[in-house]
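Take a look at the structure set out below.
The values are calculated or read from the model by the stated rules, or taken from the named source; none is laboratory data. Owing to the predicted nature of the structure, the values given are computational and were not obtained by experimental measurement. Every residue, glycine among them, receives a Cβ derived from its backbone with ideal geometry; neighbour counts consider all protein chains shown. Just the protein is used for accessible areas: all its heavy atoms, side chains included, with ligands, DNA and RNA removed. Shrake-Rupley method; radii C 1.70, N 1.55, O 1.52, S 1.80 Å.
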Amino acid sequence: MSIRFRSLKWVGLLAAVATVQTACSSTDTGTEELEEEVITVEGRTTVTYWHNYTGKGLEAIEQVASDFNESQDDIFVQPIYSASSEGDDQRLLTAIAGGNPPDLAHFDRFKVAQYAAENSLEPLTPFIEADQYDMGIYYDYAVEESTYEGDIYAMPLTTDSRLLFYNKDRFMEVGLDPYHPPSTIDELEEAIEKLSTIEDGRVQELGMVPWTAQGWFYTWAWAFGGDFYEPETGELTINHPKNVEALEWLVSIADKYDAATVTSFDTAQGSNEMDPFIQEIYSMKVDGPFSISTINQYNPDLNYGVTPVPTPTGDNFATWSGGMSLIIPKGAKHAEEAWEFMKYFGSEQGQRTFNEMDHQMSVIDTVNEELYGDDPIMKEFIDILPDSNSRPPIASGQLLWNELDRAVEYAIHGRDEPQALLDKVAKKVAEEEN
């Protein structure tokens, strides 16, 4: 099997290649054989690094690995594309169960707690303590999301945040001040009303549909001052009074504009170039920095701004963040060497290289300031990061996400009361956790 390398740096380094072997055995693990093969470089330990990136993300990963490989003589990190029709998670779990996992994997931090609870990850705490590695260089929420029951299981790499996007031209057309977008919930309601046109039950345009795009329940609950988890005690607070208040507000919007009519209209919209905000059918939405490239591609002349998600009081603005990380799967054969690469990727140098090439936000504030401090839109996204929230690092995180999404759907369509719905979610997740 021939092996192609995209960087000339790799070619020079591989002059010392001694042997190649398959990355995993389909007969031993039940996992499909990966397209690439594991490279053995004379005098070096090969660290296999699974990811599912293509395009700019792939180039960024390969550059970071190449830079690390050139920086020392003992370890060779080999990125391996591992996406699978059976699901990337299943492939990784199968490899772990078969005793033949990669040494590293690119991993969504949201899933770290679940995998840690299933004993599928190696804890990083021993490495961190032995090297006195400073996790304080990262945003607090990113470390919190990487932690489960007191141990850190992932090296945070990228992040995001959520803000209110608004169409400045439409604001001016209806008499709203584009230089003073809504900061309170009352002001947001006023803007939605002025920017919406519904005649004889037919929607022409909408100021906003709060529960679409990144308007997940997490978004509004934190905006209303709610919370879901107490890190110090591990207590879940899913039915927090402010969470209930946030859901009641969503119901009030659904009632005012008729949830069935709005849902039918929204369902007819699309994504990418058919995004209703890009089409200027919606004048506002909550979204993340990942939507900026889509706007630039499909409506580069759109005159828009971003601002913190409004709150009842017009202050104490909140957002939440996710992101990717590096993990060491349980049973990795070269965990110590994998940790060395983790430290490099997690450093300012590694973060700068990757996030600049892939146009991502770093989990290190100084890197973000260097990369995006002069961009007025991106600066809004990075300025709010120090106060951001992360989803609860619990084993049932996916269940909680699904149940909250269901609760919003039931609430806005009048199938139950907000308090009762959140009580049910809290009970179900607590039972699963225990």
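Given the options Met378, Met361, name the one that is modelled with pLDDT of 95 or more, among the hydrophobic types (A, V, I, L, M, F, W, C), more than 17 Å from Val244 (Cβ to Cβ) and open to solvent by less than 10 Å² (accessible area, probe 1.4 Å). Walk me through how you get there before you give the answer.
Details: Met378 fails: open to solvent by less than 10 Å² (accessible area, probe 1.4 Å).
Of Met378, Met361, the one residue that is modelled with pLDDT of 95 or more, among the hydrophobic types (A, V, I, L, M, F, W, C), more than 17 Å from Val244 (Cβ to Cβ) and open to solvent by less than 10 Å² (accessible area, probe 1.4 Å) is Met361.
For segment 282-303, the tally of residues that are assigned to a loop (DSSP other than H, G, I, E, B) and open to solvent by 30 Å² or more (accessible area, probe 1.4 Å) stands at 3.
Counting residues that are touching a residue at least 24 places away in the same chain (Cβ under 8 Å) and farther than 25 Å from Gly322 by Cα, which helices (runs of 4 or more DSSP H) fully inside segment 67-151 reach at least 1? Outline the logic, then answer.
Numbers: elements: 88-97, 112-117, 125-131, 140-145.
In segment 67-151, the matching helices (runs of 4 or more DSSP H) lie at 88-97, 125-131.
Do we have Pro276 as open to solvent by 30 Å² or more (accessible area, probe 1.4 Å) and either out of contact with any Asp or Glu (no Cβ under 6 Å at 6 or more places or on another chain) or without any contact (Cβ under 8 Å) to a residue 24 or more places away in the chain (or both) here? The answer is no for Pro276.
Residue under question is Ala411, and the condition is that it be open to solvent by less than 10 Å² (accessible area, probe 1.4 Å) and either assigned to a helix (DSSP H, G or I) or touching a helix residue (DSSP H, G or I) at 6+ places or on another chain (Cβ under 8 Å) (or both); does it hold? Outline the logic, then answer.
On the way: open to solvent by less than 10 Å² (accessible area, probe 1.4 Å): yes; either assigned to a helix (DSSP H, G or I) or touching a helix residue (DSSP H, G or I) at 6+ places or on another chain (Cβ under 8 Å) (or both): yes.
In short, yes.
Among the residues making up segment 167-187, those that are under 17 Å from Ile281 (Cα atoms), among the hydrophobic types (A, V, I, L, M, F, W, C) and either in a helix (DSSP H, G or I) or open to solvent by 60 Å² or more (accessible area, probe 1.4 Å) (or both) are Phe171, Met172. Across segment 202-228, what is the number of residues that are farther than 17 Å from Lys285 by Cα and within 18 Å of the chain's Cα centre (by Cα)? Qualifying residue count, segment 202-228: 1. On the stretch given as segment 229-241, residues that are over 11 Å from Ile394 (Cα atoms) and assigned to a loop (DSSP other than H, G, I, E, B) total 6. Checked against the criteria, Asn239 does not count as surrounded by 23 or more Cβ atoms within 10 Å (Cβ to Cβ), at pLDDT 95 or above and over 20 Å from the mean Cα position of the chain (by Cα).
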